[in-house]
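The values are calculated or read from the model by the stated rules, or taken from the named source; none is laboratory data. Just so you know, these numbers come straight off a predicted model, no measurement behind them. A quick note on method: Cβ atoms are made from the backbone with ideal geometry, for glycine too, and the neighbour counts reach across all protein chains shown. Quick note on the areas: whole protein, heavy atoms, side chains included, nothing else; ligands and nucleic acids left out. Shrake-Rupley method; radii C 1.70, N 1.55, O 1.52, S 1.80 Å.
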Amino acid sequence: MKKINLLLLAFAVLINIACGNRPFDLSSVILGDDAKKYDFENKNIFLKDVSVVSGTEVTQYYADENKNMMYGNIPLDHTVGTRITVYKGKVVAFDTNAEEKYSLEFMDKILKKNGKPITFITDEANVNPKIAQQVFEKLKKITPNDVSWNPEDKNTFIYPYSFLWDDGKNYSILSISIENDGNIRNRYLSVTKEAYRNNIVYTLKYPAPKESPWYNYMMLKILKIKASLMKKRSLFIIYVNELTSLQTSKKNDPVLKYKHPVKAG
């Protein structure tokens, strides 16, 4: 009987160890979800930091060196970590990097998941053509209309290095950088608009600084919002003026002056 109990105990320990080592899949995280839905309190994966911003608690979960972290089937970069932000009890942002050798697979996965970006920015990579040919061909398959060799410089090709998605509630930004040796760095950040506008997220500033590649787009969004608010305000003022005018005309109308009929005789 004791042997059976010991075996059961050993089996339970093995199950706990296996569960503790189970990778956390960042691709399953949805912005706006209740943070309690996810295993962010797992101390085998995340470090935790709590602060207060404008009177509201903000929790940062940081996966140091991305131990036990994946994005679907893609390993995340062990030289940096993943940061997940929780605000008002909701997941409002995450910031991560895939392992460099999986950068293009990661890029392809994000593009397929998020669909067509609202806009993107191109850059030039100055590389050894022999080393970078494979990279060029893979990029060409992912974004065939946006990758090309520079006709004036055989060592340079043009490629989209940063993509922006705006689904109405959230911003997502994927950036890649092709080094001279053909290695590719990457970064993927997703944030709710509420968290962005309240400057909740580490490394993000609102409004976007001028050096940001997305400065023009973000400023255009702000101007559109202001224009919409001004339009609503103007319509409200027109409504108030018309209502006041109507009320004034009613007071001066002899037919509408009397609430009760005048008694005869």
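Quick look at the numbers
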item	result
Subset of region 119-136 (residues that are within 23 Å of G72 (Cβ to Cβ) and open to solvent by 70 Å² or more (accessible area, probe 1.4 Å))	F120, Q134
Candidates K231, K205 - the one that is of a type in the set (D, E, K, R), modelled with pLDDT of 60 or more, surrounded by 10 or more Cβ atoms within 10 Å (Cβ to Cβ) and under 23 Å from K90 (Cβ atoms)	K205
Residues of region 74-99 that turn out to be surrounded by fewer than 21 Cβ atoms within 10 Å (Cβ to Cβ), touching a residue at least 24 places away in the same chain (Cβ under 8 Å) and out of contact with any strand residue (DSSP E or B) (no Cβ under 6 Å at 6 or more places or on another chain), as a count	4
Residue tally, condition open to solvent by less than 30 Å² (accessible area, probe 1.4 Å) and either touching a helix residue (DSSP H, G or I) at 6+ places or on another chain (Cβ under 6 Å) or under 20 Å from E194 (Cβ atoms) (or both), over region 43-61	4
Any hit, region 153-172, residues being closer than 21 Å to K109 by Cβ, open to solvent by 20 Å² or more (accessible area, probe 1.4 Å), of a type in the set (K, R) and touching a residue at least 40 places away in the same chain (Cβ under 8 Å)	no
Residue among S177, S162 that alone is outside any loop (DSSP other than H, G, I, E, B), on the phi < 0 side of the Ramachandran plot, modelled with pLDDT of 90 or more and in contact with a Pro (Cβ under 8 Å, 6 or more places away or on another chain)	S162
Residues satisfying the stated conditions in region 62-73, i.e. open to solvent by 20 Å² or more (accessible area, probe 1.4 Å) and under 18 Å from the mean Cα position of the chain (by Cα)	Y62, M70, G72
Some residue of region 123-137 being within 30 Å of V53 (Cβ to Cβ) and touching a residue at least 40 places away in the same chain (Cβ under 8 Å)	no
Single residue of D49, D39, D123, D95 found to be part of a strand (DSSP E or B) and more than 20 Å from S175 (Cβ to Cβ)	D49
